[in-house]
Structures are given as structure tokens and as C-alpha cells.
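In what follows, a single structure is set out as C-alpha cells and then discussed.
The values are calculated or read from the model by the stated rules, or taken from the named source; none is laboratory data. Note that the structure is predicted; figures quoted are calculated from it, not measured. Here Cβ is always computed from backbone atoms with ideal geometry, including for glycine, and neighbour counts include all displayed protein chains. The accessibility values were calculated without ligands, DNA or RNA, using every heavy atom of the protein model including side chains. Shrake-Rupley method; radii C 1.70, N 1.55, O 1.52, S 1.80 Å.
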Amino acid sequence: MLNKLRNRHVLIDNTEDIIKKELLGIIKTRPNYYELVDDEYGFGLMLKNLNQDKVGVIASGGGGLGRLFPAVVHENLADAVSAGEMDTAPNYFTIYNLAKKINTGKGVILLTNNYSGDVMNNEMAQEMLEADGIPATICKVTDNFFSSKEKSKRSGLSGILTLIKIAQAAAKKGLDLKEVTRIVENANQKLISVTVMASEEGVLMYGKGLADEPAKFTSDFSGENDLIKELSNFVIEQIKEDSTNKISIQLNTMKYTSYIEGNVLLNGITDYFSNEGFDVVLANVGGYYDMFNYPGVILTVLSVDEQTLEFIKPVTNYDYTI
């Protein structure tokens, strides 16, 4: 009989070392590129050759979320990531340990989605680093529109990928930790993600939560054009007063959404925003974050001001582009 993982059949054993084996698999793809950090508290993955004297970029989050977080270790994304056990916050000591390894004297920025356990452990790591004389800042990513009416209280979704990219680009420009953090925080304020999933009965569920919290809004599926309009309008309503009309679009396909569906929807969404007067400066689609066992997507839009524009060039890892 097949094993189960998050209520779905899988071809692997759901053992205690599942995350370590995942990281080792990633390392096998480019053994001269990655390094495993295996301390007694948790696991991390980092770049082997960190030659540039710059601010370090570390991302962290729960394990088993698809490309978030292990697959974002890349010369133009994160220098290192700390991955927790399955659906568990990353360990503070592993974050601390990674930061010490990658610090070149310029300090580190820690990026994490705004969940209590993730934030608490990043804050503990930050305190330990500062006690060691290593400057550290935290960006708590708050792109999940439906999670709260207040931006500061929202949780994070796949939009963190865009901020990781921005952080690394700013760091590589030689900016100091204070300026890198300011640029990332500014982008976070202009970042919004909207989720939609489809039930077996064909009902579109907007804002359904990670822990199966009920949808904030539902409608019947009546075709791709209506879905595109409905999904896009949630975002447009929030960003229409922004001072810029430039946007970047990231479309995350959920676990049961195919390659063709993702690209068809990205095409339609991009055209819809363009027809509404927006200048789409970047658009990508991929299965970045596979937490949700549904057909569906997460639409992430960043309002791009002049300060951010130079930092959002597309980054291609070996199997995806962000």
C-alpha cells in the first residue's frame, strides 16, 4: 500500500529524515554548488562558494512546501535556507548557524513568512547573532491578502520568492544591511497574493487557509475568463491607488494544477491587467509552493516603483524561473 503525506498517496516513506533526504536529493543535482548543514537541531542548505563581500541573504520556513524553501538556494536568490521539519517552523539555532557561516562582516537579512513560530525563531536567531556582534535584520513577509484586513498582520505565501530575489540583487549591488532591508521592506508593503482553489463540485474558493480554514469568498466556475477577471479584480481593487502602474506578476500553480493550466491562466491574467492600464514588466508561472492539495493558483502582484525596478530581473534556477 502506498504511503500518505498530507492526505495524498506518495511513493516515499514518511519518515523522520524526509527533509534531510530531500536536501540530499537537491545536492545530487549540483554537488559542487550546494552544501548541507546538518546540526543537532535542524537542516540547512547553503551555497558552497560565497566569494562576494556583501550582505548575506537567508530564507527560512517549514519543510515540505515544494520549492519553498530548499530550491531557492541560488547565487541570485538566497545564500542559504533553513528548512524546518514537515509543516514545522525552522529551528532558531540552524538559522543562527547558517548566518555565522555566510556572514562576511556586512551582516545578514533573514526573510520569513509571517507565522508566529517562524517569526519567533528568526527573532531568537537575530538576538544570538547580535550578541555575537553580527548585525541581523528580519523581514516578515505579509503578502496573503485574505488572511487579515491589516497588512502588518497578514501571513505570507509564495510572494516571499520575489522578496528573496530583491534582497539578493540589492546585496550584490554592494548596499549595506540597512539599505537592503529598507528596499525589501518597501517591496513587501507593495506585495499582495490572492489564493483561489476549486472544489470537486466546481466551486471556486478564494482565501481558503493553510489549515483548511473556510474560504472568504466563493463563486461557481463558469470559465477561465470569468476566473481571470474575478481573481485579478481582487488585486486591482487593492493597488489601483498606487502611484505606479508598473507591476510584476507571479502565478503559483497548486499541486493539482497542470503546466498548461498555469500558462493559459498567466496569459489571460497578464492581458487582463494590461487592458486595465497596467504595465506588466515581468510575468512568471511555476509550481513554487505546493502546500495546497487542490487545483488552484496563487496570484502574486508587486507594484513596482522606480526603486524596485532594477532588482526584479528574472532569475532562473535549474528547474524554474522567478
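For the chain, a simple Cβ point-charge model (Lys and Arg +1, Asp and Glu -1, everything else neutral) yields a dipole of about 500 debye relative to the Cα centre. Straightening the chain between T15 and S148 buys 44.4 nm, computed as 0.36 nm per residue apart minus the Cα-Cα spacing. The simple Förster model, with R0 at 30 Å and r as the Cβ-Cβ distance, assigns D212 and V264 a FRET efficiency of 0.65. Per residue, the solvent-accessible area of the range 1-128 (1.4 Å probe, heavy atoms of protein chains only, all protein chains present) comes to 45 Å². Remark: the range 302-319, residue by residue, has Karplus-estimated 3J(HN,Hα) of 10, 6, 9, 8, 4, 5, 8, 3, 6, 9, 10, 4, x, 10, 10, 8, 5, 9 Hz, where x stands for each Gly or Pro and the curve is 6.51 cos²θ - 1.76 cosθ + 1.60 at θ = phi - 60°.
Based on the reciprocal of the average 1/r between different C-alpha atoms, the Kirkwood radius for the range 241-322 equals 13.4 Å. Pairs spanning more than 26 Å between alpha-carbon atoms, out of K208/K255; K149/K229; K20/K255; K54/K140; K4/K48; K21/K172: K4/K48; K21/K172. Most fluctuating residue of I102, I166, I236 in a GNM of the chain with Cα springs under 10 Å: which is it? Largest GNM mean-square fluctuation: I236. Here the 3J(HN,Hα) profile of the range 222-236, calculated from phi with Karplus coefficients 6.51, -1.76 and 1.60 at θ = phi - 60°, is 10, x, 5, 5, 5, 4, 4, 5, 5, 5, 5, 5, 4, 6, 4 Hz, Gly and Pro shown as x. Annotation: amide H-H contacts under 5 Å for K208 (H modelled 1.01 Å from N, sequence separation of 5 or more, or interchain): M197, K216. Sorting E201, E230 by solvent-accessible area of protein heavy atoms yields E201, E230, largest first, with a 1.4 Å probe.
Please label the shape of the range 1-82 as rounded, prolate or oblate, based on the square roots a ≥ b ≥ c of the eigenvalues of the alpha-carbon gyration tensor (a/c under 1.5 means rounded; beyond that, a/b larger than b/c means prolate, else oblate). Taking the square roots of the gyration eigenvalues as a ≥ b ≥ c, the range 1-82 is prolate. Each residue of the range 248-258 was assigned a 3J(HN,Hα) from its phi angle through the Karplus curve 6.51 cos²θ - 1.76 cosθ + 1.60 (θ = phi - 60°); the sequence is 10, 10, 10, 10, 9, 8, 6, 4, 9, 10, 7 Hz, with glycine and proline shown as x. Mark the label point 7 Å from the Cα of F221 along Cα→Cβ and return the residues of the range 249-276 whose backbone N is within less than 18 Å of it. Hits in the range 249-276 for F221 at 18 Å: 252-269. Anyone know which of S155, S303, S199 comes out most mobile in the 10 Å Cα GNM of the chain? Most flexible of the set in this elastic network: S199.
The alpha-carbon of K151 sits under 16 angstrom from the alpha-carbons of these aspartates and glutamates, leaving out residues fewer than 8 places away in its chain: D143, E185, E237, E241, D242.
Rolling a 1.4 Å probe over the protein heavy atoms gives the range 225-286 an accessible area of 49 Å² per residue. Taking the chain as a Gaussian network of alpha-carbon nodes connected by springs under 10 Å, the highest mean-square fluctuation of the residues P295, P135, P214 belongs to P214.
When the residues M128, M197 are ordered by accessible surface, computed with a 1.4 Å probe over the protein chains alone, the sequence from largest down reads M128, M197. Note on V203 and Y256: the model spin-label points, each 7 Å out from Cα along the C-beta direction, lie 1.5 nm apart.
Restricting to the chain, what percent of DSSP beta bridges are antiparallel, rounded to 5? The antiparallel proportion sits near 60 percent.
Ligands, DNA and RNA left out, the 1.4 Å accessible surface of the chain is 49% carbon and sulfur atoms. Contact order for the chain, expressed relative to its length and based on alpha carbon pairs under 8 Å spaced 6+ residues apart, stands at 15 percent. Taking a ≥ b ≥ c as the square roots of the eigenvalues of the Cα gyration tensor, an a/c ratio of 1.5 or more together with a/b no larger than b/c marks the chain as oblate. Rounded, prolate or oblate, given the Cα gyration tensor of the range 94-146, with a/c below 1.5 counting as rounded? It comes out prolate by the Cα gyration axes.
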